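Visitor: I have a structure I would like to understand better, so I am pasting it below and will then ask my questions one at a time.
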């Protein structure tokens, strides 16, 4: 694999219950190149993204994102890549601020730093605005 590509996979495969949902995927995507994953539900698009982010491990094959192996160096990949799923996993019973500080804690960001960052978001203390934004 080469440092020339932002995303590169070689024979990337993922199986669930013995069934290949991503089968020997080979990609070579350069930095600043526009690339889309298209296909019907169940085609492996989300699974591919999850493997590239280090959120699930491949059954076989390799992946590199900006030169980092997402399976072995997921935090390095996550520092460089943003991902917004269709359904965001926020807790409806928490305010936006509480959700932010909870996620910050999971990411080893201090309580003081999390609150400081939350103070920068004008909507952080409004549960009504937060919850209606995700419906």
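Read-outs throughout are calculated quantities, based only on the coordinates presented, and are distinct from any laboratory measurement. All of these numbers come straight from a predicted model, not from anything done at the bench. As a convention, Cβ positions derive from the backbone with ideal geometry for all residues, glycine included, and neighbour counts pool all protein chains shown.
Visitor: Order these peptides, 98-111, 41-54, by their mean beta-carbon neighbour count within 10 angstrom, highest first. Present the calculation step by step, with values, prior to reporting the outcome.
Guide: On the way: 98-111: 14.0, 41-54: 17.4.
Listed from highest to lowest mean packing, they are 41-54, 98-111.
Visitor: Right, another one. For all pairs of alpha-carbon atoms in region 7-78, what percent lies in each bin of width 10 Å, listed from the first bin to the last filled one?
Guide: Going out from 0 Å in 10 Å bins, region 7-78 shows 21, 56, 22, 1 percent.
Visitor: Additional query: Under the classification rounded if a/c is under 1.5, otherwise prolate if a/b is larger than b/c and oblate if not, where does region 80-125 fall, given a ≥ b ≥ c as square roots of the Cα gyration tensor eigenvalues? Intermediate values should be presented prior to the final figure.
Guide: Details: a/c = 1.59, a/b = 1.19, b/c = 1.34.
Note, shape of region 80-125 comes out oblate.
Visitor: For the ranges 18-31, 81-94, what's the packing order if you count other beta-carbon atoms within 10 Å of each residue, average per peptide, and put the highest first? Kindly include the intermediate steps, with their values, before the conclusion.
Guide: Working: 18-31: 13.4, 81-94: 9.6.
Answer by packing, highest mean first, reads 18-31, 81-94.
Visitor: Rounding to the nearest 10 and keeping the result within 0 to 90°, find how far the Cα-based axis of helix 96-106 lies from the longest principal axis of the chain.
Guide: So the helix axis and the longest Cα principal axis differ by about 50 degrees.
Visitor: Okay, next question. Mean separation of Cα pairs under 8 Å and 6+ residues apart, divided by the residue count of region 1-116: what relative contact order is that in percent?
Guide: The value is 22 percent.
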